[in-house]
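The values are calculated or read from the model by the stated rules, or taken from the named source; none is laboratory data. Since this is a predicted model, take the numbers as computed values, not measurements. Cβ atoms come from the backbone with ideal geometry, glycine included; neighbour counts cover every protein chain shown.
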Amino acid sequence: MLVIEDLNVYYAKAHVLKNVSLRVSQGEFVSIIGPNGAGKTTLLRTISGLKDGQGRLSFNGAPLPRDPVKVVQLGVIHCPEGRHLFPEMSVKDNLLMGAFRLKNFDPESELEKIYQLFPILRERERQMARTLSGGEQQMLAIGRALMGRPELLLLDEPTLGLAPIVRKTIAEALKQINDSGVTILLAEQNVPFALAHAHRVYLLETGVIVKAGTPEEFRADEHVQQVYLGGV
Ligand SMILES: Nc1ncnc2c1ncn2[C@@H]1O[C@H](COP(=O)(O)OP(=O)(O)OP(=O)(O)O)[C@@H](O)[C@H]1O
Ligand SMILES: [Mg+2]
């Protein structure tokens, strides 16, 4: 579905993605792990057309447009790091904003799907987004992305600042979303979370993909164990 070949991305003279190549097949759940500053967000922003890059990117066999509006219209929907909700709008209105690319849709039945996945959002429907807890805000950000009916969901660091119990809820929701047919590309530095339901994993370190494999292969890898699964 998504093919990236030899992608190089710069901020001025800083070379932050170096010959990155990766693939995501339809229906897959793929995680990109890596420490702070590795380039995960830059990679997702480049896929979305929010950042320019040099290299080949294609989606469903055609070159990926370098225009974020066109990328969204293809069904590549980005749930950004830091959530970027509309703080002074209600939960319901934030969700409805996510559906802007759809032409004919029944808002109530679309909202119902999100409320089934995250029942707390139904209870909070009329509350302003800024009044939600961090976990609820993350659920809302994911719900808003789903309202655009993604073919490919790009998810950046959804565990940021969340307690283990909330991470578990979100991990289970991601599995359900993937089981329902949505392809997922997750960027995440919480490695146990990233490995939990992924089919395949890439490790990005200072802009270079240094390892690719299955979650089992990652768990068995000494470098991954020492650097990413050591725990404190
Ligand atoms: N707008 C920018 N201008 C200049 N440099 C930037 C910009 N955004 C990111 N960078 C640099 O690019 C590199 C990659 O950053 P990026 O945010 O993609 O990493 P990340 O893997 O998402 O990190 P984190 O886990 O902290 O979110 C870092 O060295 C960062 O300082
Ligand atoms: Mg990031």
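Where the second residue is of a type in the set (Gly, Ala, Ser) and part of a strand (DSSP E or B) and the first is within 20 Å of Gly135 (Cβ to Cβ) and in contact (Cβ under 8 Å) with a residue 60 or more places away in the chain and lies in the stretch 172-200, which pairs have Cβ atoms under 7 Å and are six or more apart or on separate chains?
If the second residue must be of a type in the set (Gly, Ala, Ser) and part of a strand (DSSP E or B), the pairs left are Leu186/Ser31; Glu188/Ser31; Ala194/Ser31.
Taking the conditions exactly as written (away from ligand 1 (no atom under 16 Å from the Cβ), under 27 Å from Lys70 (Cα atoms) and either part of a helix (DSSP H, G or I) or out of contact with any helix residue (DSSP H, G or I) (no Cβ under 8 Å at 6 or more places or on another chain) (or both)), does Gly135 satisfy them or not?
Judged against the criteria, Gly135 is not a match.
Looking at the structure I just gave you, is Glu125 touching a Lys or Arg at 6+ places or on another chain (Cβ under 6 Å), modelled with pLDDT of 95 or more and assigned to a loop (DSSP other than H, G, I, E, B)?
yes
Can you say whether Glu151 is loosely packed, with under 15 Cβ neighbours inside 10 Å and not hydroxyl-bearing (Ser, Thr, Tyr), as far as the supplied structure shows?
Spelling it out, it is not the case that Glu151 is loosely packed, with under 15 Cβ neighbours inside 10 Å and not hydroxyl-bearing (Ser, Thr, Tyr).
Here is a yes/no grid of residues against (1) within 16 Å of ligand 2 (Cβ to nearest atom); (2) out of contact with any Cys (no Cβ under 7 Å at 6 or more places or on another chain); (3) of a type in the set (A, V, I, L, M, F, W, C):
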{"site": "Gln116", "(1), (2), (3)": "no, yes, no"}
{"site": "Leu121", "(1), (2), (3)": "no, yes, yes"}
{"site": "Arg126", "(1), (2), (3)": "no, yes, no"}
{"site": "Gly135", "(1), (2), (3)": "no, yes, no"}
{"site": "Asp156", "(1), (2), (3)": "yes, no, no"}
{"site": "Ser180", "(1), (2), (3)": "no, yes, no"}
{"site": "Ala198", "(1), (2), (3)": "no, yes, yes"}
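Identify, please: which residue in the stretch 181-191 is surrounded by fewer than 22 Cβ atoms within 10 Å (Cβ to Cβ) and touching a Lys or Arg at 6+ places or on another chain (Cβ under 9 Å) and is, among those, nearest to Ile165 (Cα to Cα)?
Checked the stretch 181-191; the qualifying residue nearest to Ile165 (Cα to Cα) is Asn190.
For the stretch 178-232, enumerate the residues that are small (Gly, Ala, Ser), in a loop (DSSP other than H, G, I, E, B) and over 27 Å from Leu146 (Cβ atoms).
Initially, the stretch 178-232 is screened for residues small (Gly, Ala, Ser), giving 180-181, 187, 194, 196, 198, 207, 212-213, 220, 230-231.
So of that shortlist, the ones also in a loop (DSSP other than H, G, I, E, B) come out as 180-181, 198, 207, 230-231.
Gly207, Gly230, Gly231, listed by residue number.
Please determine, by comparing only the residues of the stretch 1-44 that are assigned to a helix (DSSP H, G or I) and either farther than 14 Å from Leu152 by Cα or of a type in the set (Gly, Ala, Ser) (or both), which one is nearest to ligand 2 (Cβ to nearest atom).
Thr41
Please go through (1) under 16 Å from the mean Cα position of the chain (by Cα); (2) of a type outside the set (Lys, Arg); (3) within 27 Å of Leu229 (Cα to Cα); (4) more than 10 Å from ligand 2 (Cβ to nearest atom) for Gly49 and return the number of the only condition it doesn't satisfy.
Against the list (1) under 16 Å from the mean Cα position of the chain (by Cα); (2) of a type outside the set (Lys, Arg); (3) within 27 Å of Leu229 (Cα to Cα); (4) more than 10 Å from ligand 2 (Cβ to nearest atom), Gly49 comes up short only on (3).
Here are some residues: Leu154, Leu185, Leu160. Which one is within 16 Å of ligand 1 (Cβ to nearest atom) and touching a His at 6+ places or on another chain (Cβ under 6 Å)? Reasoning before the result, please.
Working: Leu185 fails: touching a His at 6+ places or on another chain (Cβ under 6 Å); Leu160 fails: touching a His at 6+ places or on another chain (Cβ under 6 Å).
Answer to the selection: Leu154.
Among the listed residues Ala14, Ala99, identify the single one that is surrounded by fewer than 20 Cβ atoms within 10 Å (Cβ to Cβ) and either more than 14 Å from ligand 1 (Cβ to nearest atom) or of a type in the set (Val, Ile, Thr) (or both).
Every option except Ala99 fails the conditions.
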